[in-house]
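Okay, so here's the structure we're looking at.
Derivation of every value follows stated rules applied to the coordinates shown; laboratory data play no part. Note that the structure is a prediction, hence the values are computed from the model and not measured. FYI the Cβ positions are ideal-geometry reconstructions off the backbone, even for glycines, and counts take in every protein chain you see.
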Amino acid sequence: MPTIVRKSYPSTIEVRRDILHAIHWQVRSSVWRPPTDVYETEDDFIVKIEIAGMRDEDFVVAAENQLLRIEGIRPDSVGRRAYHQMEILSGKFEIEVEIVIPAIMESASAEYKDGFLTIILPKTQSLKQRKADE
């Protein structure tokens with residue numbers, strides 16, 4: 001099972017993001033982003049990433065403040081070949097997801113199964129409780 005690391009010190013994510021936004025027209029990154037769903041159920045905030053061909057230990061999942069960051073490297077197949085069509089990305093990937101609701105980070109869990117990494121963050125308040133409070 002991938003481990004979720006909770007960081008309490010300021011990271012370079014925000015600094016790097018600000019720099020990239022400032023010069024985005026000049027930067028062409030080789031880092032890619034796999035398809036990602038972010039949704040909530042009655043009790044959980046869920047991030048689901050479609051990323052086949054990986055192992056649990058290939059992922060780095062870190063949470064800081066209200067930001068969840070997932071990264072890793074999907075290896076390329078070895079051998080020389082001439083592509084006629086190439087749509088399956090490999091190499092370094094990175095995803096940042098803002099956690100838009102209060103969640104219990106200490107109780108977060110992650111599972112990689114059938115080509116999907118699913119990260120579950122239990123909410124501090126269920127959807128029913130939030131609607132009743134409104």
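Qualifying chymotrypsin sites (Phe, Trp or Tyr not before Pro) in the stretch 63-128, where qualification requires a DSSP coil assignment and no more than 14 other C-beta atoms within 10 Å, comprise TYR83. For the stretch 38-134, the average shadow cast by the Cα convex hull is 7.8 nm², which is a quarter of the hull's surface.
In loop segments of the stretch 53-134 as defined by DSSP, the trypsin sites (Lys or Arg not before Pro) with at most 15 further C-beta atoms inside 10 Å of their C-beta are ARG55, ARG80, ARG81. For a straight C-alpha distance cut-off of 18 angstrom, the aspartates and glutamates reachable from LYS48 (same-chain residues fewer than eight places away being disregarded) are ASP37, GLU40, ASP56, GLU57, ASP58, GLU71, GLU94, GLU96, GLU98, GLU111, ASP114. Here MET54, MET105, MET86 are placed in order of increasing Cβ neighbour count within 10 Å, fewest first, which gives MET86, MET105, MET54. When each of LEU117, LEU67 is scored by the number of other beta-carbon atoms lying within 10 Å, the sequence from fewest to most is LEU67, LEU117.
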